[in-house]
Structure formats: structure tokens, C-alpha cells
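Everything below concerns the one structure shown next.
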Amino acid sequence: EDQVTQSPEALRLQEGESSSLNCSYTVSGLRGLFWYRQDPGKGPEFLFTLYSAGEEKEKERLKATLTKKESFLHITAPKPEDSATYLCAVQAPGTYKYIFGTGTRLKVLA
Amino acid sequence: GAGVSQTPSNKVTEKGKYVELRCDPISGHTALYWYRQSLGQGPEFLIYFQGTGAADDSGLPNDRFFAVRPEGSVSTLKIQRTERGDSAVYLCASSQGPRGVEQFFGPGTRLTVL
């Protein structure tokens, strides 16, 4: 069964303290891996799409990487405004479904 | 409009009642998804529309749930005989295509069944 597992469930960082979030997946023939950010009371907001192992994408303090079994979202020198839930999703070939993980709740303290 | 809109933003109903949730996707987006998100969980797929037709409704939990998109733009999610377990945030997302592309989400409708 296709699954997405995110860790840790929650993470508290001091401002400027870099860290990484993990998304592991069991999908054969990945069609795409997606990272979203979700603020309380809002819908998820798209961050990145990764398609193949070895691919990397960056946006401001965020960098996403992909291997054959997992993806990492690296946060460099985070700021309080980076506090949010970060969701990972995959889409397997032959299906229209996107499978989401349960997310990592990130809190960055000033 | 610039983004996906959903109405109402909040809906409180009584057990056994019928509710309709509306989604206005981004203009020109042919793909439309409905998800359900419970507290502390990621979005759970319900149904996917490509144009006017439901291409995949395998995520609908039972036959009390139904969705339509008659003109290929606005979609309505309909829930009959609501149960307390239906309480959740219902999210709608649209995209330019069904595969391997980012989705744009609406703010969601928070449904509470008393």
C-alpha cells in the first residue's frame, strides 16, 4: 500500500537553528513528491515539486531534496514566520490520488 | 478571482441534516480535487474531477457523500444524513492537470455536526 510518513511530528527550533524534516514514502514509480506549507485555519500552500532522485530545489530558507525512498526539507536559519505545518504528498503512477503525510508542526521561537 | 474560494467558511449542522459545500476553482483549471482534513492529520483524498466528470471517486467514504461539477468549473460536495464523524475541514484544490503538478488549495470549509 502506498504510504507517506513524516517525522518528526512536531519540532521546536530557536530562531537561526537549522534543521531538517523528513518524508519517507513507499510508492513504486513516483510521479512526483510535493511539499506544502499549511498555516492554522488555511489551506496548504505549494512549496516544491521533486520528480527524480537527486533533484534539489530551493526557496529562501528552504531546500528540498529527494532520494529513492525519502525527501528532506532543510530549513536554514529559520525565522518565527517559518512556523507552520509542513506537509509532504506523493502521487503514484496510474492514479490521480495524492497521498499526504500527517505533517510536521514546526515552531520557531524568537 | 485570484485563488480557489470555498463557501461557507464554517458550517454547523445537526446530525441527520443535509449539507452542501461549494468550491470555486482557479479559472482555467480543469482538475479539481476534494479532500477532508481532520485535526492533526494530512488531507485525505475524496474525489477528483477532470472537467465535468468524476474521474476518481474512490476516496468517498460511503454513499452519503456525493459531488458534482456540472459545467466544469464550480463544484459542490453534498453530504446526506450527516453524522458526527463527518466533522472536519473540507478542502478543495484545483490544478492545471491531474498528474504531477502542484495543486492550489482553498481555505476550506469547517463542518461541525452536532
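The values are calculated or read from the model by the stated rules, or taken from the named source; none is laboratory data. Just so it is clear, the structure is predicted and the values come from calculations on it, not from any experiment. Positions of Cβ are backbone-derived with ideal geometry, glycine not excepted, and every protein chain shown enters the neighbour counts.
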Can you name every one of the strands (runs of 3 or more DSSP E) wholly within the range B:18-114 that holds 2 or more residues which are closer than 25 Å to A:GLY103 by Cβ and free of Cβ contacts under 8 Å to residues at least 24 places away in the same chain? B:44-50
Among the residues of the range B:18-60, which ones are over 21 Å from A:ALA92 (Cβ atoms), modelled with pLDDT of 95 or more and not aliphatic (A, V, I, L, M)? B:TYR18, B:GLU20, B:ARG22, B:CYS23, B:ASP24, B:PRO25, B:SER38
Test set (1) away from chain A (no Cβ under 14 Å); (2) buried (at least 17 other Cβ atoms within 10 Å of the Cβ); (3) of a type outside the set (Gly, Ala, Ser) - B:ARG81 fails condition number: (2)
Among strands (runs of 3 or more DSSP E) completely within chain A, the ones holding 3 or more residues that are over 14 Å from the mean Cα position of the chain (by Cα) and more than 30 Å from B:ASP24 (Cβ to Cβ) are A:10-14, A:104-109
Among the residues of the range B:27-50, is there at least one that is of a type in the set (S, T, N, Q) and away from every other protein chain (no Cβ under 14 Å)? yes
Considering only the range A:68-110, state which residues are closer than 11 Å to A:VAL4 by Cα and surrounded by 21 or more Cβ atoms within 10 Å (Cβ to Cβ). A:SER71, A:LEU87, A:CYS88, A:ALA89, A:VAL90, A:GLN91, A:TYR98, A:ILE99, A:PHE100, A:GLY101, A:GLY103
Filter the range B:1-14 down to residues that are surrounded by 12 or more Cβ atoms within 10 Å (Cβ to Cβ) and not hydroxyl-bearing (Ser, Thr, Tyr), then give me how many there are. 6
Could you check the range A:71-94 and list, in sequence order, the residues that are free of Cβ contacts under 8 Å to residues at least 60 places away in the same chain, of a type in the set (S, T, N, Q) and within 14 Å of chain B (Cβ to nearest Cβ)? A:THR85
Among (1) under 24 Å from B:GLN96 (Cβ atoms); (2) touching a Phe, Trp or Tyr at 6+ places or on another chain (Cβ under 6 Å), where does A:PRO93 come up short? (2)
